[in-house]
Amino acid sequence: MDDFIIYSGYLLLLVNLILYSYSFFIKKKGISFYVVFLVFSFLLQMISEVLFLLKMNNLVLFNFFFIGQMVLLGLFYNKLMQTIRQKTFIICSIILGLMVLSVNFFLEPSQFFKFNLFQIALTSLLVVVFAMMHLYNILAGEKEFYYVTIGMIIYLLGSTVLFFVGNLTIGLSTEFKFFTWTLNAILVVLNQLFVLFEWKNSFYKKAVQTKLC
């Protein structure tokens, strides 16, 4: 069952990558960085899976993913912001986040090869802040990337809590630790379903119209 959930997440990610890449050529505004994020996510997931099957340490990729996620989603939401002040806040937050992480890794380089909870919390919460800013902006307007944003907030908050719980329960049974990872895999699937629904809601009609033309 665990493998089914994990590979379902991979499959949904691939489907979303294909659909959003196609839609990129129809509606480029505000979607380019999100497509890059999907490509980045899929490539790292596949490389990480290969390393796992080869019984090699893939934590470097895991840490690299959270940094890339912060940067790419930050740039994605930056494109959607409505004021210069909001855009400046996001760019400054990304730069400050990278500086803090750089100092952290410089002082303790081994952290890049470990399960880094500080990095997970910092990068995830920054993206959540960016997402909440976007939700605030679209309260009274067009619900652009609404479902993507809702899915991302649920996933990032849920997975961050699970990672902390998983770290606190290292001394507990293997079954309990696998349970937390299973819940995280379910959150991944849920997030990808939100992304897929966003495509259907925002891009499907335009894709059909373009195909008919």
Of the conditions (1) of a type outside the set (Asp, Glu); (2) open to solvent by less than 60 Å² (accessible area, probe 1.4 Å); (3) within 30 Å of residue 178 (Cβ to Cβ), the single one that residue 50 does not satisfy is (2)
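Condition check ((1) among the aliphatic types (A, V, I, L, M); (2) within 21 Å of residue 36 (Cβ to Cβ); (3) surrounded by 16 or more Cβ atoms within 10 Å (Cβ to Cβ)) across all residues:
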| site | (1), (2), (3) |
| --- | --- |
| 80 | yes, yes, yes |
| 87 | no, yes, no |
| 96 | yes, no, no |
| 115 | no, no, no |
| 134 | no, yes, yes |
| 140 | yes, no, no |
| 151 | no, yes, yes |
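Might you check whether a residue that is open to solvent by less than 20 Å² (accessible area, probe 1.4 Å) and free of Cβ contacts under 8 Å to residues at least 24 places away in the same chain occurs anywhere in segment 123-132? Before the answer, list the steps.
The first filter runs over segment 123-132 and keeps only residues open to solvent by less than 20 Å² (accessible area, probe 1.4 Å), leaving 123-124, 127-128, 130-131.
From what is left, the residues that are free of Cβ contacts under 8 Å to residues at least 24 places away in the same chain are none.
Scanning segment 123-132, I find no residue that is open to solvent by less than 20 Å² (accessible area, probe 1.4 Å) and free of Cβ contacts under 8 Å to residues at least 24 places away in the same chain, so the answer is no.
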Do we have residue 76 as closer than 19 Å to residue 150 by Cβ and touching a residue at least 40 places away in the same chain (Cβ under 8 Å) here?
yes
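Quick one: is residue 204 surrounded by fewer than 20 Cβ atoms within 10 Å (Cβ to Cβ) and either more than 28 Å from residue 14 (Cβ to Cβ) or modelled with pLDDT under 90 (or both)? Explain how you work it out, then say what you get.
Details: surrounded by fewer than 20 Cβ atoms within 10 Å (Cβ to Cβ): yes; either more than 28 Å from residue 14 (Cβ to Cβ) or modelled with pLDDT under 90 (or both): yes.
Judged against the criteria, residue 204 is a match.
Quick one: which residue in 133, 56 is within 20 Å of the chain's Cα centre (by Cα), of a type outside the set (Lys, Arg) and closer than 28 Å to residue 12 by Cα?
Details: 56 fails: within 20 Å of the chain's Cα centre (by Cα).
The conditions single out 133.
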Considering each of 57, 63 in turn, give the residue that is under 22 Å from residue 163 (Cα atoms), surrounded by 18 or more Cβ atoms within 10 Å (Cβ to Cβ), out of contact with any Cys (no Cβ under 7 Å at 6 or more places or on another chain) and at pLDDT below 95.
63
Name the residue that is surrounded by the most Cβ atoms within 10 Å (Cβ to Cβ), counting only residues in segment 1-37 that are touching a Ser or Thr at 6+ places or on another chain (Cβ under 7 Å) and modelled with pLDDT of 90 or more.
13
List, please: which pairs have Cβ atoms under 7 Å, are six or more places apart or on different chains, and start with a residue in segment 40-51 that is free of Cβ contacts under 8 Å to residues at least 12 places away in the same chain and end with one that is surrounded by 13 or more Cβ atoms within 10 Å (Cβ to Cβ) and not in a helix (DSSP H, G or I)?
51/58
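Inside segment 11-45, can you point out the residues that are hydrophobic (A, V, I, L, M, F, W, C), more than 20 Å from residue 71 (Cβ to Cβ) and more than 15 Å from the chain's Cα centre (by Cα)? Walk me through it before giving the result.
Kept after step one, since they are hydrophobic (A, V, I, L, M, F, W, C), are these residues of segment 11-45: 11-15, 17-19, 24-26, 31, 33, 35-40, 42-44.
Retained after the next criterion (residues that are more than 20 Å from residue 71 (Cβ to Cβ)): 11-12, 14-15, 18-19, 25-26.
Across segment 11-45, the qualifying residues are 11, 15, 18, 19, 25, 26.
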Here the qualifying pairs (Cβ atoms under 6 Å; residues six or more apart or on different chains; first in segment 12-39 and among the β-branched types (Val, Ile, Thr); second at pLDDT 95 or above and part of a helix (DSSP H, G or I)) come out as 36/72
Looking only at segment 153-170, which residues are open to solvent by 60 Å² or more (accessible area, probe 1.4 Å) and assigned to a loop (DSSP other than H, G, I, E, B)?
170
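The values are calculated or read from the model by the stated rules, or taken from the named source; none is laboratory data. Owing to the predicted nature of the structure, the values given are computational and were not obtained by experimental measurement. Quick reminder, even Gly has a Cβ in these numbers, built from the backbone with ideal geometry, and neighbours come from all protein chains shown. Heavy atoms of the whole protein, side chains included, go into the accessibility calculation; ligands, DNA and RNA do not. Shrake-Rupley method; radii C 1.70, N 1.55, O 1.52, S 1.80 Å.
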